[in-house]
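Please read the structure below before turning to the comments.
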Amino acid sequence: MNKEDLLSRLTKVRGRGESWTACCPAHEDGSPSLAIRFKPDGRILMHCFGGCPVDEVLGAIGLDINDLFDDGPVQRGDQIKPAFYASDVLRIISVETLIVAVAAIDVSNGKPLRPDDLERLKLAAERILEASRYA
Ligand SMILES: [Zn+2]
């Protein structure tokens, strides 16, 4: 899988070298929650901090897990949870933390949160918790 080819299938792509983030194509993703790592050995690691399984992420852009490995098919059991650089995690949770902070200010000012704000807040909390597992 060619790096440019993969990145061209995604939106809000940011990063450089090995480390990239983008909007996850498998769920409604306004702020990038997909981390992509291009390993020097040719492997590509992906992780959606919104919780999408990697095969769903790939399916949404017309790929499957074998496309991520230059060395041909791999057994599903061989997939290990990738370790991501702190900068990826930070980039993803900084947006989510901002959402939580804005909501906290509103609530502390006595302003009620709308139902969709509450939903977004819940998502932000899930992403922060997910990301904190990589800290
Ligand atoms: Zn996702």
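The values are calculated or read from the model by the stated rules, or taken from the named source; none is laboratory data. Keep in mind that this is a model prediction, so the values were computed, not measured. With ideal geometry, Cβ positions are generated from the backbone for all residues, glycine too; neighbour counts draw on all protein chains shown. These area figures cover heavy atoms from the full protein model, side chains too; ligands, DNA and RNA do not enter into them. Shrake-Rupley method; radii C 1.70, N 1.55, O 1.52, S 1.80 Å.
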**Prompt:** What are the principal axis extents of the Cα atoms in the range 85-135, in Å, biggest first?
**Reply:** 38, 16, 12
**Request:** For the chain, list log₁₀ I(q)/I(0) at each q in 0.11, 0.19, 0.21 Å⁻¹, using the Debye formula over Cα point scatterers of equal strength and ignoring solvent, two decimals each.
**Result:** -0.42, -1.08, -1.27
**Message:** Averaging over every viewing direction, what projected area does the convex hull of the Cα atoms of the range 21-61 cover, in nm²?
**Reply:** 2.7 nm²
**Message:** Once neighbouring chains are kept in place and the probe is 1.4 Å, which whole percent of the accessible area of the chain is contributed by carbon and sulfur?
**Reply:** 56 percent
**Request:** Taking only protein heavy atoms into account and a 1.4 Å probe, give the accessible area per residue of the chain in Å².
**Result:** 58 Å²
**Complete:** LYS111 and GLU56 label points (each 7 Å along its Cα→Cβ direction) are spaced in nm at 3.2 nm
